[in-house]
Amino acid sequence: MTDHTHADTLRTPIVAVLGHVDHGKTSLLDTIRGSAVSEGEAGAITQHIGATDIPLDTISGMAGELIDPSDFDLPGLLFIDTPGHHSFSTLRARGGALADIAVLVVDVNDGFQPQTEEAIDILRRTGTPFVVAANKVDTTPGWNPQDGEPIQKSMDAQSERAKSMLDENLYEIIGQLSDAGFSADLYWRVQDFQKNIGVVPLSALTGEGVPDLLTVLMGLSQRFMKEEMAIDVQGPGEGTVLEVKDERGFGATVDTVVYDGVIRNGDQIVVGGQNEPIVTEVRALLRPRPLAEIRTEKEFEKVGEIGAAAGVKIAAPDLDQAMAGAPVRVVRDRTVDEVVEEVKAELAEIEVDTAENG
Ligand code: GDP
């Protein structure tokens, strides 16, 4: 049974994708978006500014028998569109990582590479739960691709020789995770995801194993992050700047991921700036216009308010000095000074962290 009053206060977990260059981060994000859309239903995904929202219904449609949607009351997953650990480490929220959970992409043939190690260090330091996507299983010699299928079904269609070659590569990765201090196993063998890292074999090219990845991410979030996802949907909005961009007709705008509360048009906000916090007022909240309407209309549509978790472009005066990675806070029923101090404290923390860790 669904308890709507309760479910309405649980926000979508924010997911980031990390990994070594060319291991398939961008392809994986494209495939997740693409296969969600080909699920066919309108509203299969919602394009946000800088992020993509995959609702539980869509995930459950893709995952078939892997998921029983009644086991979940989190609304879905919000993937940050910009992959890579440079964006991940600059994107903070209240001193922690903006992403609630991460996917570490590792090419099954290449195994751990320098940027894999770097990503692991960052995940360890920020205490971000993660799963490993062992990507490019389709490159195993003799592979018989099973487009979009769960990995078990795909494994059943492979020759013994292909299976054992893949196994060898997967155990290599599990060994490398262990060397890095993480006990790991193939995800279907993991009993306790708080103690063990789940490894999901998949192919971003054929989509096989992608349903498993979404299932594991949902399961992990539901099991271990439900309390953090409980937010006051009417509370003052809190977010992190992804990017500062000039937009014709709006001047400097901030693309922002909102992770708590709600931002409304006209709200007074404080945004972290290069010299000092910027106090300003929201002139417009902009989202990408649905594709069907994009031809003659403008690129964005205005909305009256936006609640967590979501990506939104905020237009407001004086945003030229705003910084990527900086906090955005709605003032609402507090004093401006209080919120300015809060933003200063958070910026100081980010600077210390950057100085310590490069
Ligand atoms: P990124 O640098 O981590 O974002 O990697 P990309 O997504 O750009 O992928 C790098 C290259 O690997 C591209 O040529 C992709 O087409 C290819 N690639 C990514 N995933 C797969 C996969 O699952 N199978 C195969 N065969 N190629 C892949």
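The values are calculated or read from the model by the stated rules, or taken from the named source; none is laboratory data. Values in this document were obtained by computation on a predicted structure and should not be read as measured data. A quick note on method: Cβ atoms are made from the backbone with ideal geometry, for glycine too, and the neighbour counts reach across all protein chains shown. For accessibility, only protein heavy atoms count, side chains too; no ligands or nucleic acids. Shrake-Rupley method; radii C 1.70, N 1.55, O 1.52, S 1.80 Å.
Key figures
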quantity: Residue-averaged [θ]222 nm for the chain, counting only DSSP H segments that reach four residues, each worth -39500 (n - 2.57); calculated: -9500 deg cm²/dmol
quantity: Length added when fully stretched, residue 168-residue 109, from 0.36 nm per residue minus Cα-Cα; calculated: 20.3 nm
quantity: Eligible lysines near residue 313 by straight Cα distance, threshold 20 Å, same-chain separation 8 or greater; calculated: 245, 298, 302
quantity: Spin-label model distance (nm) - residue 9 vs residue 228, 7 Å beyond Cα toward Cβ; calculated: 1.9
quantity: For the range 225-262 and the range 311-341, distance of Cα centres in Å; calculated: 9
quantity: Percent of beta bridges antiparallel (DSSP, the chain, rounded to nearest 5); calculated: 70
quantity: Dipole magnitude of the chain, debye to nearest 20 (Cβ charges: Lys/Arg +1, Asp/Glu -1, about Cα centre); calculated: 380
quantity: Accessible surface of the range 70-223, 1.4 Å probe, proportion on carbon and sulfur as whole %; calculated: 46
quantity: Solvent exposure ordering (accessible area, 1.4 Å, most first) of 341, 160, 238; calculated: 160, 341, 238
quantity: Charge dipole (debye, nearest 20) of the range 39-112; +1 at Cβ of Lys and Arg, -1 at Cβ of Asp and Glu; calculated: 540
quantity: Computed FRET value (nearest 0.05) for residue 246 with residue 351, which takes r as the C-beta separation and R₀ as 22 Å; calculated: 0.30
quantity: Accessible solvent surface per residue of the chain, calculated while the other protein chains remain in place, 1.4 angstrom probe, Å²; calculated: 45
quantity: 212, 71, 167, 53, ranked by accessible area, largest first (probe 1.4 Å); calculated: 71, 167, 53, 212
quantity: List 259, 187, 171, ordered by accessible area with a 1.4 Å probe, largest first; calculated: 171, 187, 259
quantity: Cβ-defined net charge surrounding residue 107, 11 Å radius [Lys, Arg +1; Asp, Glu -1]; calculated: 0
quantity: In nm, spacing of pseudo-spin labels at residue 147 and residue 94 (7 Å Cα→C-beta vector); calculated: 4.4
